[in-house]
Amino acid sequence: MSGIVGIAIDRWRTTLLVLFTGLLAGVLSYINLPKEADPDIPVPFIYVGVPLEGASPEDTERLVVRPLETELRALTGVKELNCTSLAGLGYCVIEFEVNFDQDQAMIDVRDKVDNAKRRFPAEVTEWDVREFNRSLQPVLAITLYGTAPERTLYALAKDLERELEAQTNILSANLSGAREEVLEIDIDPSRLEGYAITYDEVLAAVSGNNTLVTAGNLDTGNGRFQVKVPGLIANAEDLLNLPVRTAGDKVVRLRDVSTVRRTFKNADSYARFNGKPAIALQVVKRLGANLIETTQTARAVATRMSQDWPKSVHVAFSLDRSRQIRDSMNQLIASVSTAILLVMILVVAALGLRSGLLVGLAIPGSFFLSFFLIGLFGMSINFMVLFGMVLAVGMLVDGGIIIVEYADRKMAEGLDRIEAYKMAGQRMFWPVVSSTATTLAAFVPFLFWNSLAGKYMSFLPKTLILVLLASLAMALIFLPTIGALMGKRPDDADDAIGKVSAGAAAPTALPGFTGAYARLVARLVRHPLAVSLAALVIVVSVFFWFAATPHRTEFFLSAEPEQVFVYVRARGNLSPAEQDALGLAVQNRIKDVKGIASIYLTTAGGGSLGNSNSPPPEDTAVTLFVDFLPFGERPNGRTIMAQIAQRVRDVPGVITEVRDLQGGPPVGKDIQVQLTGTNPADLEKAARLVRAHLDAMPELKDVEDTLPLPGIEWQLHVDREQAGRFKADITRIGAAVQLITNGLLVGRYRPDDADDEVDIRLRFTPDARNIGQLDRLRINTLQGSVPVSNFVTRKASQRVDKIARRDGRRVLEVRANARKGY
């Protein structure tokens, strides 16, 4: 193997051409390689969500989750299956073994969901199956905010969304904080009673006049023509003119009993940016796209379009993950530059200017060659790759120093530069290789760490292996070749060192530091037992000192935070408006903290910016995403985080939790206790005992659980026997009740200024939407118009009747007296 050094030197033109080609390829690879914040690793989780609008958690579990869970249990390679039932949604999160085939797992899960859908209710028409992919996380958030009307913000956000998604390197721009549009028919119950019209007639009038009938083809013998009966609703005026009832020449139109308006669905969440109403677009880059270029493109598009927006609409950028990449790149360049400078100073001082330049060349040369190898193996430039390169800066010059120093010694003995560098490369070949191999041996076990964290950390040894392999090529092939061409024995070379190297003089006779060191080693060698005992004492003392000294144990690097989440936890039947008021109260406490750039507030269900490494607590009512000013323009991030935690600690009636965006793979909180059982009552009791024990431990903070949340819900109990006497059923009764809740879906239409279909919903007027309206709600039966109260009773049911004190204060206590009947 060492003979390759001589071949490279003898064919120096070919060797230099290979070096130049490799460096050029490395430069191009560095420019074109995808740049990401985190490594793109297959996360072994798949999410399956099945919405069932209006269903209670109990019904969702019985009708959706159980059939889904039965099918998903049969999957192979599943490590854990967790299913959750919520109001209107049932979902399962499937965790596979780490070495799973992601594509095949998605196919298998979709097949199982297709099998389970046969047991779903007829109301279930769609479901969501998606994988967890860190590369598909938002890289930039563009927020539109201001005092403009909601419809203006929505229209501008949709225009910006279309323009962003037209860019080649942007996969999607997901709206957050925007409500869906709806064409709402508000029925006045008093007018219905005045005309003796039931909601069934209104429903029949709308649904029967909103359809496109393709009547077929008409063959006249002289041609064939397609016949259509267009009857789709095109605008609100079409609805208002629909006839509901006719009596002779008299026609009662929909406009006589209702009003029609194009509006938004009821707000189930609010979004604010620095206290003002906001809509955010979260930009997701395409797989393999350059993160920095993607964010620059998105910023340019938003800036260009915002020039034509009203003055009352402002745009802000946050969650810019390219900032972290740029900072890491700048740190890498600074570290490399510093390393080259320090190495050249040391080597020049010891070996001379010419030798210092040779060794300094090894650092950028090794890096550019390693960039070429990184691209060759399909890797991207991310945090772990950059960390590995910074770590390798101090290692990759060792081989070059050994080769150059040995060659200088041989030239000091009188050899010419070609023979000196040939001898240096050949004789130092295996020592340099073995030295590099022992360095890599400490990182090789990371390659076989079979877990999600191991897959994430594996980029570190991979990078070190590639960088040190490139440094081996530089030290053993390219540096000897360049040295053979430009190496020269310094004119002021120390002849005494040359004599020592040739064996003509003893090292102990040298003057200065070298001679002092040689004499010290000579004395120590004469007392091997004492030296060994002293070394052993030092090593054991260090171990004992480390064990006796408290040290923090972190799973991943504890970096200074640049963004934090503030979770406001509150329980009970809080409306979105009440949650919004809580969030504003918390925001007002922290908005003047020095170093905060922006605060994005969302109430429960609104979807926050960014993604924490662990999900928010179950009882989160408000989430505040706090973005800091860039590094260098603010105090230390930990100081800002501590000030935020101090200011929100004593907000009355709620629990607040401040959490930073931790690096590395998702791990959740430090301590996680999971209880399983077959008896829900016993399981809940055990969970409360564990929770009480954890709350009593002063060492713990921010304790949370997944126990059923407290609150009041209304349950309507239908007397099926009594309803049967009136020829009524659950479906018709439920449709009637929807008039005072979310509205009854009676059709859809597509206006010219909308990309998607807009729901047409039938509802009572806002003043009539209350639980007391059930007294006057009527449905058509064979016996005429009959009040629903003839066969329905209602009662308020409390899910949890008591909330324990936490952190020495009462969070919220909900009590409800069950009421039966009317």
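The values are calculated or read from the model by the stated rules, or taken from the named source; none is laboratory data. All values reported here derive from a predicted model rather than from experimental measurement. All Cβ positions, glycine included, derive from the backbone under ideal geometry; neighbour counts span all protein chains shown. Heads up: the accessible areas ignore ligands, DNA and RNA and are worked out on the full protein's heavy atoms, side chains in. Shrake-Rupley method; radii C 1.70, N 1.55, O 1.52, S 1.80 Å.
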Checking the stretch 152-233 for GluC sites (Glu not before Pro) in a loop per DSSP with at most 16 other beta-carbon atoms within 10 Å yields 180
Quick check: pseudo-label points 7 Å beyond the Cα along Cα→Cβ at residue 193 and residue 10, how many nm apart are they? 10.9
Tell me, what does the Kirkwood hydrodynamic radius of the stretch 1-143 come to in angstroms if you use every pair of distinct C-alpha atoms? 19.2
If we sort 138-148, 270-280, 510-520 on the protection proxy, mean other Cβ atoms within 10 Å, highest first, what's the order? 138-148, 270-280, 510-520
Once you wrap a convex hull around the alpha carbon atoms of the stretch 81-163, what is its projected area averaged over all directions, in nm²? 9.2
Protein-only accessible surface order, largest first, of 443, 367 at 1.4 Å: 443, 367
Which lysines, if any, have their Cα less than 22 Å from the Cα of residue 422, not counting same-chain residues under 8 positions apart? 410, 488, 499
Within the stretch 283-317, which trypsin sites (Lys or Arg not before Pro) sit in a loop by DSSP and count at most 14 neighbouring Cβ atoms inside 10 Å? 311
Can you pull the Kirkwood radius for the chain, inverse mean 1/r over Cα pairs, to one decimal in Å? 33.0
The correct pair for the stretch 150-222, radius of gyration to one decimal and Dmax as a whole number, both in Å and from Cα atoms, is 22.1, 60
The stretch 335-470 - convex hull of alpha carbons, volume per residue in Å³: 106
Taking only DSSP H segments of four or more residues, each worth -39500 (n - 2.57), what value at 222 nm results for the chain once the sum is divided by all its residues, to the nearest 500 deg cm²/dmol? -13000 deg cm²/dmol
Sequence-distant residues sharing a close amide H with residue 285 (under 5 Å, placed H): 139, 171
Roughly how many Å² is the accessible area per residue of the chain, as a whole number, for a 1.4 Å probe? 52
How do the peptides 452-460, 715-723, 249-257 rank, highest first, by the average count of neighbouring beta carbon atoms within 10 Å per residue? 452-460, 249-257, 715-723
Cα-Cα over 27 Å, subset of 265/685; 311/591; 79/701; 727/795: 265/685; 79/701
Determine ³J(HN,Hα), in whole Hz, for all residues of the stretch 284-294 in sequence, where each value follows from phi through the Karplus function 6.51 cos²θ - 1.76 cosθ + 1.60 and θ = phi - 60°; x replaces Gly and Pro. 10, 7, 6, 4, x, 6, 6, 5, 5, 5, 5
Of every hundred units of 1.4 Å-probe accessible area on the chain, the number belonging to carbon and sulfur atoms, as a percent, is 55
